[in-house]
Structures are given as structure tokens and as C-alpha cells.
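To keep things clear, I will list the structure first and then write my remarks on it.
The values are calculated or read from the model by the stated rules, or taken from the named source; none is laboratory data. Keep in mind that this is a model prediction, so the values were computed, not measured. Reconstructed Cβ throughout: ideal geometry from the backbone, glycine too, with neighbour counts over all protein chains shown.
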Amino acid sequence: MIDVDLPDTEGVPELVRSFAACLASVTETPPADVPQPDADLRGAIAHWRSWLAGRGAGLVPLAQPAAFNWPGYWLAVLGGADAGAAEVAVLMFGTPSGVVLSPQDPGLLGVAATALPVRRGYVVSALDPALAPAATPAPRLRGRVEALALADRATGPMRRVDRARARAGRGLDGDRYAAKAGTFTPAGDTARGYDLTLIEGEVVDQLALPAADTRRNVVTRGISLNALVGRRFRVGGVECLGQRLCEPCSHLERLTADGVLRALIHRGGLRADVLTDGEIGTGDVIETLDHEGAVRPAPPGPGHRADARRR
């Protein structure tokens, strides 16, 4: 996403201008290139659908927006609690979702969707859903473990440890996810990516909170975790598989500090499966295991690129 202020286009309703700003942010389009029709929101959405279709995308309405969650962006229209109160368009992110852009009312930033009067919701989606990422060389990557942290129960405090025992298919002994007691522990055994969470120390350096408060198990140094999605790697004596980015959510912001949700979008670290039993200790090496010349899926799209304007 990019930071976008509320446009001051003359004659266009504030709600439409705010929704256009959110569209510009999530599509990483210069705000001046996003149409701002002089119409009500319904008419503007019809216009935006045509504009997006010409770019291979669509604007999909949500059937139950108040209950919607997913680990990505979506647009919400909030209705005032009082009759006649102005509607507000915001950009949401994460599961559970929270506000990451609110051109009409910046005071809503970080507020969880569950605490807001969500009336309508929309997702920007590609018209062709085929997954065909280009193959790219898989270079060897290497870093180290800077810190380890565990919490024995959901929402419980994270405690620093020097070493931890990892169990294949479960996680770290003493951690809530290994005990199947985490806030987001899946009900069944088929879901992946809940054994181990990692975050880069370089990202933590930019946050105004201790590393353990990010609620990730492993703090790394010197290795790109986004580049480990889909790759096998070793942490100390433990083999792992990077499953997906560990995106932030409104739950994390509630447990930590204001602004964490926005600050960690696409920088929240990695979710990984533990493939072998073993030990992980502070100072241990982290290195990729796939051989030189192997290929892997291309890294996540434009929203994952480093950019001074992006959060």
C-alpha cells in the first residue's frame, strides 16, 4: 500500500474521494490516475469496476462484510451509529482485520473491524486467478538467530529463552502453538504454517517495542525471511519449510502498541513448518537447504517491494 491523503477534488462527495484514495493505496496507483466520478458511491463503484476491468481486476462485494477476515487488504464502508451520520471509507488489513488507511478520519487507524459498524465491504481481485509465478533462481541465504521467545498460553506474555526444543509438526516445547493452544491454532491437523514464527531483527529495530513483544518465536539477523516462502531451510539443528508471510493483524496491535499493524504489513516475518526434531539456540545459523540452481516461485507481488512510501 501507499500513503494517500483525502483528495480535495471539487464537487466529488467526501465518501467517494475517500474510497478512491483507498483504491489508489491498495493498487499502488498514483491517486491522480484513479477516477473520482461526481456521483454517489453506488455510481462511483460502477465506474471503478469498468476502470479496474481494463486493468485485469475487479471490485467484488462481500456478502457478510461485518464478519469478513483474511490476511490481506479489503475496503470497508462504515456507517455511523446514529441515523444520518456520515459514512466513512477505510482500508482494512489482516485477520482479524484492522484499519490501515482512513483518509476521512485518521483517528480510526489500528481500530479492529469487530469494533466498527461495517456496512459494506469490497475486495480488489484479479479477473484471472491462475497461479503462474515466474521461476527465479534460488540463491543460498544465510543469517543467524538473534533471540528466541515463547508464550505458554494464548495472549500470555512472551519470555526470552536461550535455547528451545523443536518438535516436528508441532513447534517449540513450552510455546502455546506446540501445545495447540494459540489464539489462531487451527481446529484440524491439515493446516500448515503454525509451528514456528520468525521476524527479522532489522524490522524489530524500527519498532518502539522489545523484540519479544512482536510475539514471534525467532528473531533473525542477516537473512530475508520473505525470500524463504516456499523454501526449505535450517535453524540451528532443525529443518523447516517456509509456508507464508506472518502478516500482522488487529489482535497483534491490541496486544502490543498503536501502529504495529501498519508498520508490519509485508514485514511481519515468516510462518514455517518444523520438519525435524532438534534444538534452536541464540546465535545459531539459519541457512537455506535447497541447492544452487534450484528454482522457486517469484517473491510476492508489488505490495511486498521495499518503498519508502509503503508500510
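Among the residues of segment 230-267, write down those that are among the hydrophobic types (A, V, I, L, M, F, W, C) and farther than 22 Å from Gly281 by Cα.
Those that are among the hydrophobic types (A, V, I, L, M, F, W, C) and farther than 22 Å from Gly281 by Cα: Leu245, Cys249, Leu252, Leu255, Ala257, Val260, Leu261, Ala263, Leu264, Ile265.
Please return the ranges of strands (runs of 3 or more DSSP E) entirely within segment 136-248 where 1 or more residues are assigned by TED's automatic domain parsing to the domain that holds Gly259 and over 21 Å from the mean Cα position of the chain (by Cα).
On the way: elements: 142-150, 159-161, 163-167, 196-200, 218-221, 232-235, 238-245.
Hits in segment 136-248: 142-150, 159-161, 163-167, 232-235, 238-245.
Within segment 24-61, restricting attention to residues that are in contact (Cβ under 8 Å) with a residue 40 or more places away in the chain and among the polar types (S, T, N, Q), which residue is nearest to Ser125 (Cα to Cα)?
Selected residue: Thr27.
Residues that are under 19 Å from Thr155 (Cβ atoms) and exposed (fewer than 14 other Cβ atoms within 10 Å of the Cβ): does segment 189-207 have at least one?
no
Restricting to segment 175-188, and then to whatever is surrounded by fewer than 19 Cβ atoms within 10 Å (Cβ to Cβ) and within 20 Å of Leu270 (Cβ to Cβ), can you tell me which residue is modelled with the highest pLDDT?
By that ranking, first place goes to Thr183.
Collect the residues in segment 224-253 that are among the β-branched types (Val, Ile, Thr) and crowded, with 24+ Cβ neighbours inside 10 Å, keeping them in residue-number order.
Once the filter is applied, which keeps residues that are among the β-branched types (Val, Ile, Thr) and crowded, with 24+ Cβ neighbours inside 10 Å, segment 224-253 yields Val235, Val238.
Would you be able to say whether some residue in segment 144-160 is in contact (Cβ under 8 Å) with a residue 24 or more places away in the chain, of a type in the set (Val, Ile, Thr) and touching a helix residue (DSSP H, G or I) at 6+ places or on another chain (Cβ under 9 Å)?
For segment 144-160, residues in contact (Cβ under 8 Å) with a residue 24 or more places away in the chain, of a type in the set (Val, Ile, Thr) and touching a helix residue (DSSP H, G or I) at 6+ places or on another chain (Cβ under 9 Å): present.
Can you name every one of the strands (runs of 3 or more DSSP E) wholly within segment 255-311 that holds 3 or more residues which are modelled with pLDDT of 50 or more and within 18 Å of Gln243 (Cα to Cα)? Step through it out loud before you land on a result.
Numbers: elements: 270-274, 278-281, 285-288, 295-297.
Here the list reads 270-274, 285-288.
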